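Contents: one structure, followed by commentary.
All of the numbers you see were taken from the coordinates with simple rules; none came from a lab. Please read all numbers here as calculations on a predicted model, not as lab measurements. In this analysis, Cβ positions are derived from the backbone assuming ideal geometry, glycine residues included, and neighbour counts consider all displayed protein chains.
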Amino acid sequence: MAHFIAILLDEKRLDALKGTGLEEKISDLFGGALKALNIEVPEDAEKWIMEAFTSSRIDTRGAITDLPIAFNRVLFEEIVKHKSIGKEVFDSVLARADEIKKAAAKESSYLPPPDVDLSDIEKLQKKPYQTA
Amino acid sequence: MLKIERPLPHGGRLVERVVRNPELAKKMAKGCPVYDIKPTLHFETGVPVRNVYREIMSICYGFFSPVEGSMTQAEVERILKERRLLNDWVFPYPLVFDISEEDYKKLGVTSGDRVLLRLKGEPFAVLDVEEVWRIDDPEELAHKTFGTPEDNPEVVRQRFDKKHPGWVIYRSLNPVVLAGKYTIINEPKFKPPFDRFWYPPKKSREEYDKRGWRTVINHQTRNVPHVGHEFLMKDAAFMGDIEPCHGIQVNAIIGVKRRGDYPDEAIVEGHEMLHLAGYIKPERHLVTICLWDMRYGNPLESILHGIIRQNMGCTHHMFGRDHAAVGEYYDMYATQILWGKGIPSFGFPAPITDVPYGLQIRPQNMAEFWYCPKCGEIAYSGTCNHTKEKQKFSGSFVRGMVAEGVFPPKVIFRPEVYKVIVKWWKKFGYPFCNEEYVKKKEKELEVDLPHMEI
């Protein structure tokens, strides 16, 4: 059975897909609360991925997960460039293997945190309690 | 009698080996040879995989009652054969104070001697040596600890190896074991945020009394709770006796974790946020910790979890699929098999609550929760029949979403809980445990020790 990679789509990525013809391939997750592009992975690319990234695994849905963020980023860039989710996308991704591996190595020690306002939880945590 | 009463501690009485009188403590330690506690290092990479101080704390404060110290050779052999202590009470794992041959020579102690154990340069505990013995083959010990497909065909699916963090702990032990009872003589002080979650068994039982809790269900965790966890806790708590359980206790295991787990700080504060933000009433929710470097031993780990939580006073314990598991070494339902019908090859021909000297805490074996878009709710897999539409809470999927910096929808994470992850992500520069986090944590530990002159 072919496995797949689910690329999560935030607003920026959804915008990038506009006009590529891939909009119809976008699927809803969690009742539409999340959008994703499920990309079937060719056998040779899967072999390469599993060997190159030891953290990667196949979950109970048949999805290849725990991939470096850098891999997902490059994969998405190539999808937009090719306007496709076919085999040629993976050929282009594999051609950028060195770039991905270098970025992935850095990811093991640092990932930039998202810019999220924490003031509401700071207020709640000011006087934490275990009972009312 | 339909009403369930709080169980006795495992072994009949709570162990508490903590001396709080400083003068007595100094007297006990005076003139003893001194040993500075060191972390156990990975046998190949040298990365810390365990710190025995956590076991000493959990033993002396009674979480592991009736265990009182580092085990003798005969006790370890009985555990590996029958999963029982020499006094017949069920116990899953060997617990030993191991040191190198070099340190043993320097220390120059033998049975009958007392050793002063220092932590972070300060007196911490004493060990009264009853026996000195040697681990001849740590690899064999590691295999026997977790079982093999040949010896335990009911539940062990593949031979353990260095990819399994618990196996690595036993494989990395030093060769000389000092067996004997521990006594803490200088109580460590927990650092925030851990200090407010420290409820050792005596204190947790007092807390239940204060809250009027007769029935308490425990949730084992090594995760920041997503909404699936939250519904597991809420729904499992409907089990009680004539009414749902009075209390939902979360007991987080604090210690060395595998890469990709969340930092301990985010785990405890994430659970606490469920009551701070009102998703569970604080009157019904207690977040607690236990120090232990997880062995990820699925059914065996569930025995330890049952012991810890029974000692804390819980009446019920939730067990899900792949409980405390990593990889596919065990059957995914191994824990539920143990609590449902027993595992003869591990010494349990009947459920672990039905064997002599077994446990009294009641299992609540649960299947999984998923999001069902058709029901429009978090649904129990044993109830919801929309198996095609279901959306599973895959841990790796959720981690991937977090790592990509995507703000999760509220059907996956409560926004306040997700923000706790971000809070600690900003502090550590990483949302999950990585090598830097583990090294820093093992250097600083969760506690500080007051200065004590001996």
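Things worth noting here:
- Considering only beta bridges that DSSP places wholly inside the protein assembly as shown, some 65 percent are antiparallel.
- Highest-first arrangement of B:88-99, A:91-102, A:118-129, B:228-239, where packing means the average Cβ count within 10 Å: B:88-99, B:228-239, A:91-102, A:118-129
- Pairs from B:27/B:210; A:127/B:410; A:83/B:419; B:26/B:443; B:162/B:419; B:181/B:234 whose Cα-Cα separation, in the structure shown, is over 28 Å: B:27/B:210; A:83/B:419; B:162/B:419; B:181/B:234
- Label point of residue B:389 set 7 angstrom out along Cα-Cβ; within the range A:9-35, amide nitrogens under 15 Å from it belong to A:28-33.
- Normalised contact order of chain A, rounded percent, pairs of Cα under 8 Å and 6 or more residues apart: 23 percent
- If R0 is taken as 25 Å, the Cβ-Cβ distance between residue A:54 and residue A:96 corresponds to a FRET efficiency of 0.80.
- For the range B:167-173, Karplus couplings with θ = phi - 60° (6.51, -1.76, 1.60), whole Hz, Gly/Pro x: 4, 4, 4, 5, 5, 9, 5
- Kirkwood analysis of the Cα pair distances in chain B returns a hydrodynamic radius of 22.7 Å.
- Computed from backbone phi with θ = phi - 60° and the Karplus coefficients 6.51, -1.76 and 1.60, the 3J(HN,Hα) list for the range B:336-346 is 5, 5, 4, 7, x, 9, x, 10, x, 5, 8 Hz; x is used for glycine and proline.
- Summed over qualifying helices (DSSP H, 4 residues or more, each -39500 (n - 2.57)) and divided by its residue number, chain B shows a 222 nm mean residue ellipticity of -9000 deg cm²/dmol.
- If the convex hull is drawn through the Cα atoms of the range A:1-117, its volume per residue in Å³: 128 Å³
- 5 angstrom amide H check on residue B:362, placed H, neighbours 5+ away: B:316, B:317
- Taking the Cα centre of the range B:22-189 as reference, the dipole from Cβ charges on Lys and Arg (+1) and Asp and Glu (-1) amounts to some 580 debye.
- For chain A, there are no membrane-span-like helices by this rule, meaning no whole DSSP H stretch whose C-alpha atoms cover at least 18 Å of axis and whose Kyte-Doolittle mean is 0.5 or above; this says nothing about an actual membrane.
- Sequence-distant contacts, meaning Cα pairs under 8 Å at least 6 residues apart, place the relative contact order of chain B at 20 percent.
- Summarising the strand pairing of chain B, around 60 percent of its internal DSSP beta bridges are antiparallel.
- Considering only the Cα atoms of the protein assembly as shown, their convex hull presents on average a projected area of 27.5 nm².
- Exposure proxy ranking for B:330, B:357, B:104, A:110, based on other Cβ atoms within 10 angstrom of each Cβ and starting from the fewest, stands as A:110, B:357, B:104, B:330.
- Every Cα-Cα pair of the range B:194-442 was included, and the share exceeding 31 Å stands at 22 percent.
- Applying 1/(1 + (r/R0)^6) with R0 = 41 Å to the Cβ-Cβ distance of residue B:41 and residue B:13 gives a FRET efficiency near 0.70.
- Helix B:298-312 and the longest principal axis of the Cα set of chain B meet at an angle near 80°.
- From phi via Karplus (6.51, -1.76, 1.60), per-residue ³J(HN,Hα) for the range B:265-281 in Hz, x at Gly/Pro: 4, 6, 5, 5, 6, x, 5, 4, 4, 4, 8, 5, 8, x, 6, 10, 5
- Estimated distance in nm for a label pair at residue B:77 and residue B:100, the labels positioned 7 Å out from Cα along Cα-to-Cβ: 2.9 nm
- Net length gained if the chain between residue B:406 and residue B:443 were fully extended (0.36 nm per residue, minus Cα distance): 10.1 nm
- The angle between the Cα long axis of helix B:435-444 and the longest principal axis of the Cα atoms of chain B comes to about 50 degrees, rounded to the nearest 10.
- Modelled label positions at residue A:33 and residue B:452, each set 7 Å beyond Cα in the direction of Cβ, lie 4.9 nm from each other.
- Three-way shape label, the range B:237-357, alpha-carbon gyration tensor, a/c 1.5: oblate
- Shown is the FRET efficiency for residue A:117 and residue B:210, computed with R0 = 41 Å from the Cβ-Cβ distance and rounded to the nearest 0.05: 0.65.
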